[in-house]
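Quick one: the structure is below, questions incoming.
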Amino acid sequence: MTLKIGVIGTGAIGQDHIRRITNVLSGGEIVAVTDVNQEQAKQIVEVEKLNAKVYDDGHALIQSEDVEALIVTSWGPTHEEFVLAAIKAGKPVFCEKPLATTAEGCKKIVDAEMAYGKPLVQVGFMRRYDKGYRALKNVLDYQKIGEPLIVHCAHRNPTVPDNYIGDMAITDTLVHEIDVLRWLLNDDYASVQIVTPRTSSLAKNGLKDPIMVLLETKKGIRIDVEVFVNCQFGYDIQCQVVGETGTANLPEPSSVIMRSEAKLSTEILVDWKDRFIESYDIELQDWINSTKKGIVSGPTAWDGYVVAVVSDACVEARNSGEIVSIATGDIPEFYKGNLSIVG
Ligand code: NAD
Ligand code: NAI
Ligand code: ISE
């Protein structure tokens, strides 16, 4: 049985997910697409030679009888509305991060899903599927460096587009670390402080870039994350855990080591699509397989909600300069017992 999928938002990642489902993965077919930019939606149907209908808007697509499951890859602020409509229609939905741009919006989704009575929502936190992060988690879970004490991270983008504004360093970028670190450490956050160093002269649109995010977990682990989205030199993701008896680093993506012109060098990737390409493939194959079994096996709406609570606290900490406490509440019974190793 092929899962008939509708995609809302055919921008950068929407197109990339359509490409992988059509050409790389198995068991899913794109039967419907929509985008506020209708020309772009039509174009991807042509480019990928899809047997898919182009809908006028997301709601018409969600209601279509041809569509069994949804992928939401439109801009962050539109996610809440489409995910709520998918739950109302009783259709499984894979929503790119963020689930919603505020904790309040995510809570509405959690409440709607629990009222529906069956998990339908998966959030696109693909780093949990990454080979490198999984290897790092293995080191920690088997206590190979003792208990973790400190984590140093960097999330660097070479540049960002003009529509990257306001709080997006937190709500669009840092959210990946917020999710993956609580999964990696089996811990939740207790407080956050954000400090801003000198702003890069290459930052656009009034962005304060870079920022330094200082998190403390409930177990007392201290985390520092540098978010620097105009670093120019590449797409660079770093994570080092300092434990009681050693340190462990996230592996670098593999690359040819060159000795040439009196230099020893390796390439640095520049595009986020390439850095986690295998993770997206594994993530979406897992979503297709699980959806067919009627389960959600990846990051849930609860995970999306927790990330949004933390992200709201980060925004408050950035605006106030103060240390802000974080209270995420207890996980509801409904979301316990996730079957998957990434959940
Ligand atoms: P994008 O701007 O390239 O694409 C967004 C698309 O949504 C655009 O084509 C836009 O026209 C369309 N759109 C906007 N509003 C719409 C609406 N109301 N109805 C239909 N279409 C609408 O953005 P992107 O880089 O593809 O990002 C999309 C989402 O994916 C964001 O939420 C982003 O955070 C997420 N994302 C996640 C990752 C990741 O690593 N997991 C990477 C990139 C993007
Ligand atoms: P994008 O701007 O390239 O694409 C978004 C598309 O959605 C655009 O084509 C836009 O026209 C369309 N769109 C917006 N609102 C819409 C609506 N109401 N109805 C239909 N279409 C709508 O953005 P990008 O980079 O593809 O990001 C999209 C989402 O994916 C974001 O939420 C982003 O955070 C997430 N994302 C996740 C990544 C990951 O690594 N998991 C990487 C990049 C993005
Ligand atoms: C983008 O939306 C992503 O999710 C990328 O993974 C991230 O690195 C980038 O900063 C975001 O804008």
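Please name all residue pairs, on different chains or six or more residues apart, with Cβ atoms under 9 Å, provided the first residue is in the range 168-195 and is under 17 Å from ASP141 (Cβ atoms) and the second residue is open to solvent by 10 Å² or more (accessible area, probe 1.4 Å) and within 12 Å of ligand 2 (Cβ to nearest atom).
Correct list of pairs: VAL180/ASP130.
Looking at ASP57, ASP35 in this structure, which one is surrounded by 19 or more Cβ atoms within 10 Å (Cβ to Cβ) and without any contact (Cβ under 8 Å) to a residue 40 or more places away in the chain?
The unique qualifying residue is ASP35.
Please go through the range 233-246 and pick out each residue that is within 16 Å of ligand 2 (Cβ to nearest atom), of a type outside the set (D, E, K, R) and out of contact with any Pro (no Cβ under 8 Å at 6 or more places or on another chain).
Result: ILE237, CYS239.
Just to be sure before I move on: is ASN157 within 12 Å of ligand 3 (Cβ to nearest atom) and either surrounded by fewer than 22 Cβ atoms within 10 Å (Cβ to Cβ) or not hydroxyl-bearing (Ser, Thr, Tyr) (or both) in the structure I sent?
Yes: the conditions hold for ASN157.
Return the total of residues in the range 99-128 being at negative phi and open to solvent by 10 Å² or more (accessible area, probe 1.4 Å).
Adding up the residues that qualify gives 13.
Residue check, VAL24 against (1) in contact (Cβ under 8 Å) with a residue 40 or more places away in the chain; (2) within 14 Å of ligand 1 (Cβ to nearest atom); (3) open to solvent by 50 Å² or more (accessible area, probe 1.4 Å), all met but one. Which one?
All conditions pass for VAL24, except number (2).
What residue, of ASN289, ASN230, is more than 16 Å from ligand 2 (Cβ to nearest atom) and touching a Lys or Arg at 6+ places or on another chain (Cβ under 8 Å)?
The match here is ASN230.
Check off (1) out of contact with any Cys (no Cβ under 8 Å at 6 or more places or on another chain); (2) modelled with pLDDT of 95 or more; (3) under 30 Å from LYS208 (Cα atoms) for THR300 and give me the number that stays unchecked.
The one condition THR300 does not meet is (3).
Another question, then. From the list LYS144, LYS218, LYS204, LYS137, exactly one residue is at pLDDT below 95, surrounded by fewer than 22 Cβ atoms within 10 Å (Cβ to Cβ) and more than 13 Å from ligand 3 (Cβ to nearest atom). Which is it?
Exactly one of LYS144, LYS218, LYS204, LYS137 is at pLDDT below 95, surrounded by fewer than 22 Cβ atoms within 10 Å (Cβ to Cβ) and more than 13 Å from ligand 3 (Cβ to nearest atom), namely LYS204.
Sticking with this structure for a sec: Quick check: anything in the range 64-85 loosely packed, with under 15 Cβ neighbours inside 10 Å, modelled with pLDDT under 95 and not aromatic (Phe, Trp, Tyr)?
Yes, the range 64-85 contains a residue that is loosely packed, with under 15 Cβ neighbours inside 10 Å, modelled with pLDDT under 95 and not aromatic (Phe, Trp, Tyr).
Let me ask something additional. Scan the range 166-201 for residues that are within 16 Å of ligand 2 (Cβ to nearest atom), touching a helix residue (DSSP H, G or I) at 6+ places or on another chain (Cβ under 7 Å) and of a type in the set (A, V, I, L, M) and jot them down.
ILE170, LEU174, VAL175, ILE178, VAL180, listed by residue number.
If we scan the range 167-189, do we find a residue that is crowded, with 23+ Cβ neighbours inside 10 Å and outside any helix (DSSP H, G or I)?
yes
Between a residue in the range 73-92 that is more than 21 Å from LYS293 (Cβ to Cβ) and any residue that is within 6 Å of ligand 2 (Cβ to nearest atom), which pairs come within a Cβ distance under 6 Å, given they are 6 or more apart or on different chains?
THR73/GLY9; THR73/ILE13; THR73/GLY14; THR73/GLU96; SER74/ILE8; SER74/GLY9; PHE82/ILE8; PHE82/GLY58
Test each condition in (1) surrounded by fewer than 14 Cβ atoms within 10 Å (Cβ to Cβ); (2) within 23 Å of MET212 (Cβ to Cβ); (3) not polar (S, T, N, Q) for ILE326 and report the one that comes out false.
(1)
Going by the structure shown, is ILE18 free of Cβ contacts under 8 Å to residues at least 40 places away in the same chain, open to solvent by less than 20 Å² (accessible area, probe 1.4 Å) and over 19 Å from THR291 (Cβ atoms)?
It is false that ILE18 is free of Cβ contacts under 8 Å to residues at least 40 places away in the same chain, open to solvent by less than 20 Å² (accessible area, probe 1.4 Å) and over 19 Å from THR291 (Cβ atoms).
Give the number of residues within the range 197-231 that are part of a strand (DSSP E or B) and in contact with a His (Cβ under 9 Å, 6 or more places away or on another chain).
Within the range 197-231, residues that are part of a strand (DSSP E or B) and in contact with a His (Cβ under 9 Å, 6 or more places away or on another chain) number 6.
The values are calculated or read from the model by the stated rules, or taken from the named source; none is laboratory data. From a predicted model like this one, the values you see are computed outputs, not experimental measurements. Every residue, glycine as well, gets a Cβ built from its backbone with ideal geometry; the counts of neighbours run over all protein chains shown. The area values use the complete protein model at the heavy-atom level, side chains included, leaving out ligands, DNA and RNA. Shrake-Rupley method; radii C 1.70, N 1.55, O 1.52, S 1.80 Å.
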